[in-house]
Every structure is written in structure tokens, then in C-alpha cells.
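Note sheet for the following structure.
The values are calculated or read from the model by the stated rules, or taken from the named source; none is laboratory data. Source: prediction; values computed, not measured. Please note: Cβ atoms are built from the backbone with ideal geometry, for glycine as well, and neighbour counts cover all protein chains shown. Just so you know, the surface numbers come from the protein's heavy atoms only, side chains and all, with ligands and any DNA or RNA stripped out. Shrake-Rupley method; radii C 1.70, N 1.55, O 1.52, S 1.80 Å.
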Amino acid sequence: MDGRRDGGVTVLIRVGSRGSRLALTQAELAAARLRAPGVEIALVPITTAGDKDRTKPFGQIGARGVFVKELEEALLERRIDVAVHSAKDMTSSDPAGLAVGAYLERDDPRDALCGASAIRPGMRVGTASARRRAQLLALEPTLSIEPLRGNIDTRLRKRGERGLDAIVLAACGLDRLGLGAEIGHRFEPETMLPEAGQGALALQVRAGDEQLVAAADDHETRERVEAERAVIAAVGGGCLAPVAAHHDGSTLTGLVAAEDGSWIERFTGDDPAALGEELADASARHS
């Protein structure tokens, strides 16, 4: 049944999530915020395109949105009432009929280096992210960046199996799984700008159902993440270069770069739309 808070009646809120250990941990964080007297929570694991294909680079299976599309379809088809997403996995705008009803308070948005305490010349580093690849190569052009897909446990295992010197993951995911000890270094945003929305969990609902999750919304996180998503939306689909956006509470920063790190440009500003246009213009200048 659809989740509704009706007086005197126990209602069921079906919370959809990817099925990985991290995703289910994150769904439980969301469920804990939604539980209340008279409210029952049911977790519904859903497999996404990004989960089905763990070999192709993200760009070949749809880039942003590969971990959310099936969850959004389940919402629209009323098979679930709330979808829990890592905000960084979402597209820059919500599909028609859906809305983010709440953002949980943001955790560490930084990228984490696992397997080493610093970047050194000639290292072999694993990541499937074009954004991370570009910034890593801009920091140290002699790095060998190798594609690495899979959930967190798989990527940590593959680092050893493939003899990689290090891998780069989102710090928040490691922290949520109790794997913070795997982190050798957390990159400050001034060194490696995070993905828009990184560190935040988004609770997506059908438009009009925002009251289901409104009590869990963190206003500060919403303002920052919505600004970051607006920057990416303003860049537009015509920009194929890696882009990033991050709001630290005082400054909104956008980044665009070459995939090989040969050029990288940062801009700051208060207007997400104007910032996105600057990033798009910078990419066009270099193309």
C-alpha cells in the first residue's frame, strides 16, 4: 500500500534501495529517520542498470543516472513510496512527477585515497570516475589510472588482486560501512573537487508526497546540494568533459577538466546557472 500518515491507522512506507551492502546501510539510515508511532517501514531492494553491468565504463551504460533509473520507475509505478539515493548518483534534475522530499544531513563529501597516504609519481590508481581521473592526472601526470568498477568491498579486494598502489572512493561510503581505517588520505576539496551531491542521501518521492519524508530534511544540506545540482544542470548535456560542483557552506565552486588532466579550470560564484555557463564556456574553449 502507499505510505500515508492517517490518524489511528498503522501505515506502511515502502523504501526502495539498491541491493548492495552500502545501499542497504544507507536505506536503513533513512528508515531510522522515518520510523514513528503508527508507521511501518519495509525495505525493497531493487537492481539498477549500474548494478547489472559492472564491467563497462559508466559512460557506456548511461553515465549519471545508471544507479537511479529503476528506482525512479518503481516510484512512478507506485511499487515503492520512497527511493533512497546517493545524491551524487542522481541526474541534475528530477523526472516529471518526482521530487526530493528530504536530504539527510550530509556526511563527509571528500574523496578518499585507499592503499596509500599520498599520491606519488608513477603510482597505479584505480577509479571508474572520469572526474577523479582528470583531477588525479592534473595533480600528478605520471600516474597510471586504471578502470575499477564494483561495490566498495569488491573494489577494495580488487586493489590487492590487481596489485594497484591505491584506489579512490567516496569517504562517506567507507565511513558508513565502518571502513574508515582503509582510508590513507582524504582529499580536501581544494585539491580534488567532489561530485555534486557527494556525501548526501536523497529521499525521492512522488510529487505531492513530500510530507512522507519532510521531517527528515536537513535544510543546510538541501541548500548546498540543490545548488550543486543546479550547476551541473546549467552546464548542459552538450558538455562531455568531466565536471564537478561543491558548496562548502560559504563558497560554491565548479570545475571542468580534460579527461587526461591536461587542463583544468575552477570557478566560484553565488549563481549556479551562471557558474554552469562558465564551465560550459571553458569546455568549449578547450574543445
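For the stretch 157-287, the solvent-accessible area of protein heavy atoms averages 42 Å² per residue (probe radius 1.4 Å; ligands and nucleic acids excluded). Heavy-atom accessible area for Arg21, with the other protein chains in place and a 1.4 Å probe, reaches approximately 120 Å².
With the full set of protein chains in place, find how many percent of the accessible area of the stretch 189-287 is carbon and sulfur; take the probe as 1.4 Å. Summing carbon and sulfur atoms, their accessible area is 48 percent of the total for the stretch 189-287.
Considering all different alpha carbon pairs of the stretch 145-287, the Kirkwood hydrodynamic radius works out to 17.1 Å. Reported value for the stretch 91-144: 114 Å³ per residue, from the convex hull of its C-alpha atoms. When only alpha carbons are used to place a centre, the stretch 160-222 and the stretch 248-264 end up 18 Å from one another. Rounded to two decimals, the Cα radius of gyration of the chain over 2.2 N^0.38 Å is 1.00.
Every helix of 4 or more DSSP H residues in the chain counts as -39500 (n - 2.57), and over all residues that averages to -8500 deg cm²/dmol at 222 nm. Selection among Pro109, Leu137, Pro95 by position relative to the dipole of the stretch 85-137 gives Leu137 as farthest towards the positive end (Cβ unit charges, Cα centre).
Per the Debye formula on identical point scatterers at the alpha carbon atoms of the stretch 95-201, with no solvent, log10 I(q)/I(0) at q = 0.13 Å⁻¹ is -0.48. Quarter the surface of the alpha carbon convex hull of the stretch 171-235 and you get the mean projected area, 6.2 square nanometres. What is the angle, in °, between the Cα long axis of helix 152-161 and the longest principal axis of the Cα atoms in the chain? Nearest 10 is fine, range 0 to 90. Compared with the principal axis, the helix lies near 30 degrees.
Counting only protein heavy atoms and using a 1.4 Å probe, the accessible area of Val9 comes to about 80 Å².
Normalised by residue count, the stretch 244-287 yields a Cα convex hull volume of 59 Å³ per residue. Summing +1 for each Lys or Arg and -1 for each Asp or Glu among the other residues whose beta-carbon sits under 14 angstrom from that of Glu277 gives -4.
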